[in-house]
């Protein structure tokens, strides 16, 4: 009786083990074979970053922080009242805005051009 039970369990395990088959996935034929067969739009510039000229003016002395929206700091600078600080800011190409902090003011600046000016109150 014990021998028949062991044989039955073994047969049952073999049936389940052979019934599980992994699906065969064939490679996509649209994958380019070499670099020359890739079509790239004419206006694509291959850059992963962009440069922004950021001109900041404060109404008092203090440190200004320019950071990503999620808080990663790009640069810090010291502002003097009435004097414009010119900052060259390099950010990833997909970044569309930065967070600028100065004396309790948090301002989101859209990176809509290569030259941007902002004056704190």
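Throughout, read-outs are computed from the coordinates displayed, never taken from laboratory work. Since the model is a prediction, treat every value here as computed from it, not as a measurement. With ideal geometry, Cβ positions are generated from the backbone for all residues, glycine too; neighbour counts draw on all protein chains shown.
Residue count for region 73-121 satisfying the condition of being under 27 Å from residue 45 (Cα atoms), surrounded by 12 or more Cβ atoms within 10 Å (Cβ to Cβ) and either free of Cβ contacts under 8 Å to residues at least 24 places away in the same chain or touching a helix residue (DSSP H, G or I) at 6+ places or on another chain (Cβ under 7 Å) (or both): 1. When the test is whether a residue is surrounded by 11 or more Cβ atoms within 10 Å (Cβ to Cβ) and free of Cβ contacts under 8 Å to residues at least 12 places away in the same chain, residue 69 does not pass it. If you go through region 25-49 and keep only what is free of Cβ contacts under 8 Å to residues at least 12 places away in the same chain and under 26 Å from the mean Cα position of the chain (by Cα), you end up with 31, 32, 35, 38, 39, 40, 41, 42, 43, 44, 45, 46. Take residue 57 and decide whether it is within 18 Å of residue 89 (Cβ to Cβ), in contact (Cβ under 8 Å) with a residue 24 or more places away in the chain and more than 27 Å from the chain's Cα centre (by Cα). Yes: the conditions hold for residue 57.
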